[in-house]
Each structure stands twice: as C-alpha cells, then as structure tokens.
1. Hey, any idea what Rg/Rh is for the chain, computing Rh the Kirkwood way over Cα pairs?
2. Please calculate how many Å² of accessible area the stretch 41-186 carries per residue, with a 1.4 Å probe and no DNA, RNA or ligand atoms counted.
3. Within a Cβ distance under 14 Å of LYS37, other residues only, what is the Lys/Arg minus Asp/Glu net charge?
4. If amide hydrogens are placed 1.01 Å from N in the peptide plane, which non-local residues have theirs closer than 5 Å to the one on MET61?
5. Which value in nm describes the separation of the simple spin-label points at SER173 and PHE105, placed 7 Å from the Cα toward the beta carbon?
6. Isolated Cys in the chain by the 4.7 Å beta carbon test?
7. Would you please give the residues with an amide H less than 5 Å from that of VAL168, counting only those at least 5 places away or on a separate chain, with H modeled from the backbone geometry?
8. Spelling out what I want: for every residue of the stretch 158-171, take phi, set θ = phi - 60°, compute 6.51 cos²θ - 1.76 cosθ + 1.60 (Karplus), and round to whole Hz; glycine and proline get x.
Amino acid sequence: IVNIQSLKIALNEITAIVGKNGAGKTSFLNCFCGLEKKCKGIVEYEDHILNNRERKKTCFMVMQNTGNQLFTESVLDEILISLPKNTKNKQEKAMNILRNLDLQFLANRHPQSLSGGQKQRLAIACSIATGRKILVLDEPTSGLDYSHMKEISQLLLKLKKMKTTIIVVTHDSELIHSCCTRLIQM
C-alpha cells in the first residue's frame, strides 16, 4: 500500500504528515508502530533496528476515534492500566498525570462520557503513563473546535519539551502552524 524508500523523522520534534485522503498516511502509521504484520519496512531508533514487538513498546498510537481505545469504567482506571506494572505509588502517579492534563476533575467519570477534546487528552495521558518515547496521533483534532485544537497543540508542545518524538497525521493547517516543527507530504 505504501512504498517509502527512506524517511528520517527528527527526534524530540513534532512532525506533521499531510496528504490527500487515501495517500497511505494511516497505513504508514500502522506500519511504523508495528501494528501492521505485513509491513516490510525497517525502523531504526537510537541506533537500534526495532522489530514489530519493539515498535509496539516504543510507540503509542492515539487513534482518530479515541473511543475505540478507551475501555475501562473510569478516567482514572485508564491511566492506572497504562502505567507499567512495577510502578510505585500508582494512584498518586496517575492523579499527577491527570492534573498535568487538567483532567483530575474527571477521574471518576466514564471515558465514553467525555467530550472529544477530553478523550483526546485522556488518550495522550495514557501515552504519558506508558512512558513510551514516540507518540503517534492520527487526526487528533478531527471534529474538535478551535479552542480544543489549541489545547491539543499546547499539550503536544509540552510533550515535546519532555523529549517525546511526536508524529501527527493531520489535515488541520491551524494545528500544523501552532505546534509542528517538521512537515512530510505524502
């Protein structure tokens, strides 16, 4: 479906991937993250070639429809199950993550009862909890109004400062201009 001879993505930057519908952007993300078993590509990260299993442990993908990846009974539980098993003070750490993303007041709410922007922030909070180094987002502002897009933009900039490599597939030029530092056209 996608044939890319060579592609370099800058570490600790926010890279936007743009292109027409059907250009293979989401397929590329699935291959990159190790979610597509038929992918023949090679991903090298920090001088190490990652197999599919290692890609899954290095990348966290926030899907276009976050409702498909939120499945616990509460916002807090989503964070708790995302934390590594050996994490000490899980409850405290989870609440800190929720506070950092201004979601603490929703801790006991069911994830499916949240607004689109809140679900996006929760999915990103889960990525923070996992501690993965690469965050991949597929159309994170789809269906969001301008103020929610700005929230996502500010959050991505905050994650960039935390040394997270971010790849965003988007058609949202406002998001690109507000936070992306690189652009790839497919």
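The values are calculated or read from the model by the stated rules, or taken from the named source; none is laboratory data. Bear in mind the structure is a predicted one, so any value in this text is a computation, not a measurement. Neighbour counts run over all protein chains shown; Cβ positions are idealised from the backbone, glycine included. Quick note on the areas: whole protein, heavy atoms, side chains included, nothing else; ligands and nucleic acids left out. Shrake-Rupley method; radii C 1.70, N 1.55, O 1.52, S 1.80 Å.
1. Details: Rg = 16.0 Å, Rh = 16.8 Å.
Expressed as Rg/Rh, it is 0.95.
2. On the way: 7730 Å² over 146 residues.
Per-residue accessible area for the stretch 41-186 comes out at 53 Å².
3. Once all neighbours under 14 Å are counted, the net charge is +4.
4. Close amide H contacts, sequence-distant or interchain: VAL136.
5. With each label point 7 Å from Cα toward Cβ, the separation is 3.5 nm.
6. CYS126, CYS179, CYS180
7. Amide H neighbours of VAL168: THR15, ALA16, ILE17, LEU137.
8. For the stretch 158-171, the Karplus-derived couplings read 5, 5, 4, 5, 8, 6, 9, 7, 10, 10, 10, 8, 7, 10 Hz, x marking Gly and Pro.
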